1. Quick one: in segment 202-219, of everything that is in contact with a strand residue (DSSP E or B) (Cβ under 8 Å, 6 or more places away or on another chain) and not charged (D, E, K, R), which residue is farthest from THR159 (Cα to Cα)?
2. Which one is surrounded by the most Cβ atoms within 10 Å (Cβ to Cβ) among residues in segment 220-272 that are closer than 19 Å to PRO204 by Cβ and among the hydroxyl-bearing types (Ser, Thr, Tyr)?
3. LEU116 is checked against (1) closer than 30 Å to VAL198 by Cβ; (2) in contact (Cβ under 8 Å) with a residue 12 or more places away in the chain; (3) more than 17 Å from the chain's Cα centre (by Cα) and fails just one. What number does that condition carry?
4. Out of segment 188-209, which residues are part of a loop (DSSP other than H, G, I, E, B), in contact (Cβ under 8 Å) with a residue 60 or more places away in the chain and either of a type outside the set (Val, Ile, Thr) or closer than 30 Å to LEU126 by Cβ (or both)?
5. Name the single residue, out of those in segment 151-187 being of a type in the set (A, V, I, L, M, F, W, C) and in a loop (DSSP other than H, G, I, E, B), that is surrounded by the most Cβ atoms within 10 Å (Cβ to Cβ).
6. Going through segment 164-187 one residue at a time, which ones are touching a Gly at 6+ places or on another chain (Cβ under 7 Å), at pLDDT 95 or above and more than 17 Å from PRO97 (Cα to Cα)?
7. Against the definition (of a type outside the set (Gly, Ala, Ser), over 20 Å from ILE253 (Cβ atoms), in a helix (DSSP H, G or I) and within 22 Å of the chain's Cα centre (by Cα)), how does LEU212 come out, yes or no?
8. Which residue out of THR238, THR263, THR189 is touching an Asp or Glu at 6+ places or on another chain (Cβ under 7 Å) and of a type in the set (Val, Ile, Thr)?
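The values are calculated or read from the model by the stated rules, or taken from the named source; none is laboratory data. Just so we're clear, the structure is a prediction, and the values are computed from it rather than from any experiment. Cβ sites come from the backbone with ideal geometry, for glycine too, and all protein chains shown count toward neighbours.
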Amino acid sequence: MIKWPSPAKLNLFLYIIGRRLDGYHMLQTLFQFINYGDDISISITNNGKINLFSSMVKIKNKYNLIMRAARLLQLYCWQKNKKNVLGANIYLNKVLPIGGGLGGGSSNAATTLIALNKQWRTRLSLKTLAKLGLRLGSDIPAFIYGHTSIVEGIGEILTPMNYAKKWYLVLILPISISTHLIFNHKELTRNSIHSPIVNLLNKPFHNDCESLVRKKFPIIDQYIAWLSKYAPTRLTGTGSCIFAEFNDKNSAIEIQKIVSSETRNFIAQGINVSPLHRMLP
């Protein structure tokens, strides 16, 4: 059995440029990997069955992105030749919160696609895997390619970059927020101006979802207001996690000490290459 990392991400900024007729949102976001996340262990079977095991009660296997990713890859690789279809037993060690904006589900799906591509020896390119992943979620291609990037369009346009390796104090607030709910909310603004990358990097970072989320979820508003007293603080994705940015680990630790003991949190460093890709040749 091989263990594969499934890292979290932070959206250091997130701008919603518009909405297509098919309902997909056009974005510009800085997708930053951090050295914290889930891990997935996989053993291959010869019976064609895919099984998911996890201690997380909330995970429903039928609709879980891991299962959907595995079945999509299986169908793509064996749709013509249905003989000798391989299966897998997949074990998820879940650390990232569901509905937290850290990309846990998308990361799990990407890790599943890359890991099974390797263990099934299907030899698909990252480009092909990213196209498959995009069918399941807009964040998945960035996890597939595995490099800190500016992500644009509906998630299919990526510009890799090396961003300063900051330290982040991430608060896991005790609520789960549906991405679907926020992106379809009538009060969400969708009119940010598409900007050149150099302009995006040289203006104060902002998340277009944050004002709506703070309005609808007072606990997030309270914690952002409090943590902002000590360091630049923003929402990641559609929440519910928030993060404060620091230049060094010790500064993050000092603020972590005054966070309420009832509030789950962790410190992580930004990394430009996903730990998943460090396992690949």
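1. Restricting to residues being in contact with a strand residue (DSSP E or B) (Cβ under 8 Å, 6 or more places away or on another chain) and not charged (D, E, K, R), the top hit is VAL213.
2. Selected residue: THR236.
3. Result: LEU116 passes all but (1).
4. LEU188, ARG190, ASN191, SER192, HIS194, SER195, PHE205, HIS206, ASP208, CYS209
5. ILE177
6. LYS166
7. Spelling it out, LEU212 is indeed of a type outside the set (Gly, Ala, Ser), over 20 Å from ILE253 (Cβ atoms), in a helix (DSSP H, G or I) and within 22 Å of the chain's Cα centre (by Cα).
8. THR189
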